[in-house]
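Chemist: Before I ask anything, let me first share the structure, which is written out below as structure tokens.
What follows draws every value from the coordinates through simple rules; no lab data is involved. It should be emphasised that the depicted structure is a prediction, and the values quoted were computed from it without experimental measurement. Here the Cβ is made from the backbone with ideal geometry for all residues, glycine too, and neighbour counts use every protein chain on show.
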Amino acid sequence: MSKPGRKKLIEFYTRMVRIRKTEEKLMEVFSNGEILGFLHVSIGQEAAPVGICAHLSDLDYIATTHRGHGHAIAKGIDLKYAMAELFGKKEGFCMGRSGSMHLADKKHGIMGANGIVGGGIPIATGAAFAARYKKTDQVAVATFGEGATGEGAFHEALNFAAIKKLPIVYVCENNGWAEFSPQSIHMPIKDVISRATAYNMPAVQVSNDVLEIYEAAGKAIDHARAGKGPTLLEVKCDRWHGHYVGDAQKYRGKDAVEKAMGKDCLLNFEVTLLTDKVLQKKDIEKIGAQVQAEIDEAVDFARECSFPDPSEMMDGLYI
Amino acid sequence: MKDIRYIFAIKEAMEEEMERDENVFLVGEDVGLAEGSFGASRGLYDKFGPDRVIDTPISELGFTSMAAGAASCGLRPIVEIMFMDFVTCCMDSIVNQIAKMRYMFGNQYSVPIVVRMPEGGGLNAGPQHSQCLEAWFAHVPGLKVVMASTPYDVKGLLKSSIRDDNPVIFIENKTLHAMKGSIPEEDFTIPLGKADIKREGSDVTIVTASRMVHESLKAADALAEEGISLEVIDLMTIQPWDRETVFNSIGKTHRLVTAHEAVKQFGFGAEISAAVTEEILDELDAPIMRVGAPFVPASYSLEKFYVPGADDVKNAVRKTMERSF
């Protein structure tokens with residue numbers, strides 16, 4: 001696989017900044033009550049969605065998790081209508097019915113975040129099945145955390161996909177925390193990739209580095225597209241924030257949180273780009289300002305949109 | 001017209017719909033090589049091959065959600081759950097995912113999927129192979145729930161279910177699999193959401209479905225000799241159910257008995273009784289009686305005493321005839 005050129009590197013960086021700044025903004029508007037329900041942010045985990053989705057077209061599928069803003073943004077979701085959805089407005093992608101936890105955008109192959117841990121894994125497997133059935137060259141990606149690998153859905157889906165050699169990549173972002181419990185409590189193994197052995201499935205582990213992820217994902221996606229079957233890709237990363245915004249993380253301890261926040265995939269990538277002279281400081285500032293303007297515009301748009309009328313609640317239950 | 005067994009009427013419905021629409025496929029445990037554990041897919045694997053008749057690992061959650069994903073990408077899966085009891089292993093798939101996907105995603109995705117399963121006693125198979133759980137699914141917005149009582153109905157309703165763009169829980173009954181009945185040679189469907197009056201009568205309305213339709217008809221024959229006339233309504237679709245047919249019948253008979261094989265408490269009979277009291281209480285001349293299994297797990301050795309039958313219907317009818325407001 002060829003190394004990504006300058007244009008691609010800048011695009012990766014921009015997407016990572018877009019995810020980071022969007023979630024920072026979401027935390028702000030959540031805290032002031034403009035967003036309802038639960039908000040799960042993926043700050044510190046921006047590398048995986050960007051490195052993976054760089055290989056996907058709008059025709060390819062992705063099913064994500066409750067911590068799924070990053071994947072939707074990396075897959076190309078329109079921020080304005082995504083923000084409208086998170087604000088619960090009827091102009092949003094899901095008519096204000098999904099919010100953060102079930103955000104979906106069919107045009108971009110986003111099959112939905114999922115409120116059920118592991119729930120999206122067999123659904124993405126079904127998308128891969130449909131691609132095979134229709135003899136297209138589409139691939140599907142399922143993303144999930146290491147906590148989801150305790151679910152039967154994970155094992156049932158991987159088993160089926162491996163038997164049928166379906167065009168899918170299973171991406172586990174192992175951030176060490178399943179909701180409020182550390183990995184040591186719920187897994188007898190150190191590495192999620194060990195689980196692939198049971199399904200005779202190739203498995204690759206990478207660090208939280210966008211270029212490393214890009215390369216490994218590229219191989220796995222090519223493998224899937226070529227009809228050679230699924231791969232389990234594990235990204236070792238850290239969760240900066242709590243399970244949800246507002247989680248004080250008393251179970252975790254301040255030192256551990258600070259240690260996690262000391263590992264910043266976005267900052268690391270920025271340093272690489274500066275060192276390699278792909279970008280200069282002023283470019284970084286310019287990208288940051290442009291992205292921030294996009295996000296502010298999306299928030300303004302979402303604020304202007306309308307809530308669905310209660311009279312519309314029953315619409316479309318059956319067709 | 002031709003005679004056919006219920007189980008092969010199911011096969012014909014699937015076969016014809018698979019011929020009609022290449023996006024229809026069948027998936028489940030032992031549906032392919034083994035031709036279905038009750039024989040519902042006999043010959044389909046040979047005819048359509050392993051790409052459209054798909055044997056799965058024993059993993060109800062995995063393959064049902066897989067089918068949901070495939071449905072949202074434009075396919076029309078028929079999922080076979082070997083016994084209705086096993087559907088409890090894929091409740092996340094059906095309740096959290098399939099039932100909600102279109103609504104929750106603002107109509108972006110449709111999930112045209114049929115999940116077929118046989119319910120009920122008859123095999124002395126005990127507590128984990130005999131349950132009737134239709135009310136669980138009727139309680140979940142977004143699903144349609146269909147129950148078929150004859151070879152004609154099962155074929156027509158299954159074809160409609162496969163063509164429907166909504167997810168359908170399609171419930172068969174194990175004791176009906178061998179039943180013979182007459183069906184047309186040509187293509188036909190039966191609309192979902194419409195009940196069928198299996199026997200007209202004037203004294204008491206029986207609202208029932210599946211195997212209990214036949215028990216109710218037996219009861220009607222017996223009670224006719226006592227001068228009591230039963231109108232037997234086969235709901236066929238439990239959700240959404242046909243209020244008009246039920247209410248019109250009660251407007252005529254002024255007495256209601258509901259009958260299902262599922263345990264009586266919180267069964268579909270309870271919903272119908274409640275709706276009748278809310279909307280047309282003044283039509284009733286007597287209390288409503290409900291027939292259902294006792295509130296206990298299905299019994300292995302006592303199955304014949306556990307499963308409700310014609311005698312239970314007769315007793316319920318007599319009770320409502322004895323009472324009046």
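Chemist: Tell me the label-point distance for the pair A:Thr14, B:Ala274, using the 7 Å Cα-to-Cβ offset, in nm and rounded to one decimal.
Modeler: That separation, rounded to one decimal, is 5.5 nm.
Chemist: Next question, about the same structure. Only sites in a loop by DSSP and with at most 13 other Cβ atoms within 10 Å count here; which trypsin sites (Lys or Arg not before Pro) in the stretch A:145-208 make the cut?
Modeler: Qualifying residues, ordered by number: A:Lys190.
Chemist: I've got another one for you. If the chain between A:Ile163 and A:Glu28 were fully stretched, how many nm would it gain, using 0.36 nm times the residue separation less the Cα-Cα distance?
Modeler: 44.0 nm
Chemist: Through the Karplus equation 6.51 cos²θ - 1.76 cosθ + 1.60, θ set to phi - 60°, convert the phi angles of the stretch B:182-192 into ³J(HN,Hα) values in whole Hz; use x for Gly and Pro.
Modeler: These are the phi-based 3J(HN,Hα) values: 9, 9, x, 5, 8, 4, 8, 9, 10, x, 6 Hz.
Chemist: Same structure, new question: With the dipole of the stretch A:6-304 worked out from charges on the C-beta (+1 for Lys and Arg, -1 for Asp and Glu) around the Cα centre, which of A:His223, A:Ser100, A:Ser31 lies farthest toward the positive end?
Modeler: Result: A:His223, furthest along the dipole toward the positive end.
Chemist: To the nearest 0.05, what FRET efficiency results for A:Asn200 and A:Asp78 with a Förster distance of 45 Å applied to their C-beta separation?
Modeler: Between A:Asn200 and A:Asp78 the formula returns 0.65.
Chemist: Helix B:211-225 sits at what angle to the longest principal axis of chain B, using alpha carbons and giving 0 to 90 degrees rounded to 10?
Modeler: 20
Chemist: Still on this structure, please answer the following. If amide hydrogens are placed 1.01 Å from N in the peptide plane, which non-local residues have theirs closer than 5 Å to the one on A:Val141?
Modeler: Amide H to amide H, under 5 Å and 5 or more residues apart or across chains, A:Val141 pairs with A:Tyr61, A:Ile62, A:Ala63, A:Val169.
Chemist: Could you work out how far apart the two model spin labels at B:Ile197 and A:Lys254 are, taking each label as a point 7 Å from the Cα in the direction of the beta carbon, and quote it in nm?
Modeler: Result: 7.8 nm between the two label points.
Chemist: For A:Ala178, list long-range residues whose amide hydrogen, built 1.01 Å from N in the peptide plane, is under 5 Å from its own amide hydrogen.
Modeler: Here A:Gln183 satisfy the definition.
Chemist: If you don't mind, another one. Over 20 Å between Cα atoms: which of A:Lys21/A:Lys90; A:Lys75/A:Lys281; B:Lys264/B:Lys304; B:Lys100/B:Lys174; A:Lys135/B:Lys100 fall into that group?
Modeler: Cα-Cα > 20 Å for A:Lys21/A:Lys90; A:Lys75/A:Lys281; B:Lys100/B:Lys174; A:Lys135/B:Lys100; rest within.
Chemist: Across the stretch A:42-48, in residue order, what do the Karplus-derived ³J(HN,Hα) couplings come to in whole Hz, using 6.51 cos²θ - 1.76 cosθ + 1.60 with θ = phi - 60° and x for Gly and Pro?
Modeler: Each residue of the stretch A:42-48 in turn: 10, 4, x, 10, 6, 5, 4 Hz.
Chemist: 5 Å is the cut-off here: which amide hydrogens, built 1.01 Å from N in the peptide plane, fall below it relative to B:Thr258, excluding neighbours closer than 5 in sequence?
Modeler: B:Val207, B:Met289, B:Arg290, B:Val291
Chemist: If a/c stays under 1.5 just call it rounded; otherwise compare a/b with b/c (prolate if a/b is bigger, oblate if not). Do that for the stretch A:245-307, with a ≥ b ≥ c from the square roots of the Cα gyration tensor eigenvalues.
Modeler: The shape class here is oblate.
Chemist: In terms of the Cα gyration tensor, with a ≥ b ≥ c the square roots of its eigenvalues, is the stretch B:2-183 rounded because a/c is under 1.5, prolate because a/b exceeds b/c, or oblate?
Modeler: rounded
Chemist: DSSP loop (so not H, G, I, E, B), at most 16 other Cβ within 10 Å: list which trypsin sites (Lys or Arg not before Pro) in the stretch A:198-298 pass both filters.
Modeler: Sites meeting the loop and neighbour criteria: A:Lys228, A:Lys250, A:Lys263, A:Lys277.
Chemist: Under the classification rounded if a/c is under 1.5, otherwise prolate if a/b is larger than b/c and oblate if not, where does chain A fall, given a ≥ b ≥ c as square roots of the Cα gyration tensor eigenvalues?
Modeler: The shape class here is rounded.
Chemist: Can you compute the FRET efficiency between A:Lys282 and A:Ser311 using 1/(1 + (r/R0)^6), with r the Cβ-Cβ distance and R0 = 51 Å? Round to the nearest 0.05.
Modeler: So the FRET efficiency works out to roughly 0.45.
Chemist: Still on this structure, I have one more. What is the mean number of Cβ atoms from other protein chains located within 10 Å of the Cβ atom of each residue in peptide B:53-63, rounded to a whole number?
Modeler: Mean partner-chain Cβ count within 10 Å for B:53-63: 5.
Chemist: If you don't mind, there's one more thing I want to ask. Let's test the formula: R0 of 22 Å, r as the Cβ-Cβ distance of B:Val296 and B:Leu123. What FRET efficiency results, to the nearest 0.05?
Modeler: E(calc), rounded to 0.05, equals 0.75.
Chemist: Please list 3J(HN,Hα) in residue order for the stretch B:4-9, calculated via the Karplus relation 6.51 cos²θ - 1.76 cosθ + 1.60 where θ = phi - 60°; whole Hz, with x for glycine and proline.
Modeler: Whole-Hz 3J(HN,Hα) from phi for the stretch B:4-9: 8, 7, 3, 5, 7, 5.
Chemist: List residues of the stretch B:124-139, by number, whose backbone nitrogen lies under 18 Å from a label position 7 Å along Cα→C-beta of B:Arg243.
Modeler: Counting backbone N atoms under 18 Å from the label point, the list is B:138-139.
Chemist: How many angstrom lie between the Cα centre of the stretch A:4-76 and the Cα centre of the stretch B:278-302?
Modeler: Value for the Cα centre distance between the two parts: 54 Å.
Chemist: Shifting gears a bit: With +1 on each Lys and Arg Cβ and -1 on each Asp and Glu Cβ, and nothing else charged, work out how big the dipole of chain B is about its Cα centre, in Debye to the nearest 20.
Modeler: Dipole size: approximately 340 debye.
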